[in-house]
Amino acid sequence: MPRIDVSQPAELGTEDGRSISIDFLDLSRAGFKIRHEDELLSGDLVTIISARGSRARAEIKWVGDRIAGGVFVEPPEELGLDHVK
């Protein structure tokens, strides 16, 4: 699935109640890559909250040095990212 490069701030809510500021780096309808400044683990279930306040559930699939990738459990339209193909 094609990804598009983006630079869009958002918040990520973790199951243990943390709120993490993130920047989307790329997006597709299936998944995403983000930059983050807090600890994330592969397998974490998270809620992504867009700048507009829309929410979508996702799962973190891999984590690197302040970079992580994941898949949407809900369609990205819920985040107001209608331009993502």
Filtered residues of region 19-44 (kept if surrounded by fewer than 16 Cβ atoms within 10 Å (Cβ to Cβ), over 19 Å from D65 (Cα atoms) and out of contact with any helix residue (DSSP H, G or I) (no Cβ under 7 Å at 6 or more places or on another chain)): A30
Selection from region 47-85 of residues that are among the acidic types (D, E) and modelled with pLDDT under 95: D65, E74, E77, E78, D82
Residue count, region 21-77 (criterion: over 16 Å from Q8 (Cα atoms), touching a Leu at 6+ places or on another chain (Cβ under 9 Å) and aromatic (F, W, Y)): 1
Search result, residues across region 1-18 that are charged (D, E, K, R), touching a residue at least 24 places away in the same chain (Cβ under 8 Å), within 19 Å of L41 (Cβ to Cβ) and surrounded by 11 or more Cβ atoms within 10 Å (Cβ to Cβ): E11
Region 1-35, subset basic (K, R) and part of a loop (DSSP other than H, G, I, E, B), residue nearest to the chain's Cα centre (by Cα): R29
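The values are calculated or read from the model by the stated rules, or taken from the named source; none is laboratory data. Quick caveat, the model's predicted, so the values are computed rather than measured. Note that each Cβ is placed from the backbone with ideal geometry, even for glycine, and that neighbours are counted across all protein chains shown.
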